[in-house]
Amino acid sequence: MTAAQDEDPVAQGSQAQDPVWGPGSQQSPTAGPTPAGVRALVMTWLHLLPRRSVVFLIELYRTWVSPLRLPTCRFEPTCSAYAVEALTRHGFLYGGWLSVVRLLKCGPWHKPGYDPVPDRGFRELFTRSDESSAVDTSTVSTPTEVRGN
């Protein structure tokens, strides 16, 4: 080693043994994935796996089965598009529940039409936000405005 390499921490870092990549690695110790980072990545992947699996099955249906049938969906967006959007927006459990409820509406006992995915998720249904609790007095109508006087 030269004197310049003795003082250069970058040169020393490339020769240091990295606990993740092993001895003699050309990776710097901070450049490689840490065990905590790998664990977080695996947990995120496992968390998204059910949602992505169901969306994949819906996409298979939309690609291979749906073109063979006549368009008979009574709702806008279609049930498959609704399910993909609900799963993507609200997650596996609540999005799956919304999709099942939507499929149960497909019978003749329910009115057809526009039925969007709700903006508020399961958690927002039971919590009150500060924006919704504050009353805007500029939009509140007075009794004379309601009667048209």
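Ranking request for peptides 79-87, 110-118: highest mean number of other beta-carbon atoms within 10 Å first, then the rest in descending order. Kindly include the intermediate steps, with their values, before the conclusion.
Details: 79-87: 20.2, 110-118: 12.1.
Going from most to least packed, we get 79-87, 110-118.
What number comes out for the charge environment of Asp115, summing +1 per Lys or Arg and -1 per Asp or Glu over other residues with Cβ under 13 Å away? Don't skip to the end; give the middle numbers.
Values: positive: Arg74, Arg102, Lys105, Lys111; negative: Glu76, Glu85.
Net local charge, Asp115 excluded: +2.
For Asp115, the amide hydrogen comes within under 5 Å of the amide hydrogens of Glu76, counting only partners 5 or more places away or on other chains and with H modelled in the peptide plane.
Values in this text are rule-based calculations from the coordinates and carry no lab data. Given the structure is predicted, the values throughout are model-derived calculations rather than measurements. All Cβ positions, glycine included, derive from the backbone under ideal geometry; neighbour counts span all protein chains shown.
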